[in-house]
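Trainee: Mind having a look at this structure? Questions to follow.
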Amino acid sequence: MDPLKLIESKPGSYSLLLYAGSTDVDELVQELGHEPNGYFWEGVAQFLVRTEAPSLADRFDYDPEGDTFCAYGDDRPALEELALLMSETATTPSRMRSLITAAKAADFEFDD
């Protein structure tokens, strides 16, 4: 799950966290015209859910900040699945490049 962390914030409630600026693809994201902040990573999560894991839709909520991505809820398996998708994207430059290209082709806008 690296660089994401899944924590139990209180019994039965979970938060999936990614600290902006801590990924292997930050420089690539900037080269492609985006700021790799928490809001950008929320867009990554939304686009992954929309295009690769629609079964995750509406199973958790988002609460990003400038320096942190956060998805939260009580559905741990859904957050674990999102973590796997995001981890691959956050650690594999070719995967991130493909995601940004596909998002642009779909007129998806990252809120960064």
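Each reported figure results from applying straightforward, stated rules to the coordinates on display, with no laboratory input. Quick caveat: nothing in here was measured; it's all calculated off a predicted structure. Here Cβ is always computed from backbone atoms with ideal geometry, including for glycine, and neighbour counts include all displayed protein chains.
Trainee: Just need the Rg to Rh number for the chain, please, alpha carbons only, Kirkwood Rh.
Mentor: Result: Rg/Rh = 0.94.
Trainee: As I understand it, the value is the acute angle between the Cα axis of helix 93-105 and the longest principal axis of the Cα atoms of the chain; what does it come to in degrees, rounded to 10?
Mentor: 80 degrees
Trainee: On to the next question. Where does the charge balance sit around residue 76 when Lys and Arg score +1, Asp and Glu -1, over other residues with C-beta under 12 Å from its C-beta?
Mentor: -4
Trainee: Now, a different point. Filter the chymotrypsin sites (Phe, Trp or Tyr not before Pro) in segment 32-101 to those in DSSP coil with at most 13 other Cβ atoms within 10 Å of their Cβ, and list the result.
Mentor: Hits after loop and neighbour filter: nothing returned.
Trainee: Just to be sure I follow the definition: excluding the sites themselves, where is the longest run in the chain that has none of the GluC sites (Glu not before Pro) in a DSSP loop with at most 16 other Cβ atoms within 10 Å?
Mentor: Answer from the scan: 1-64.
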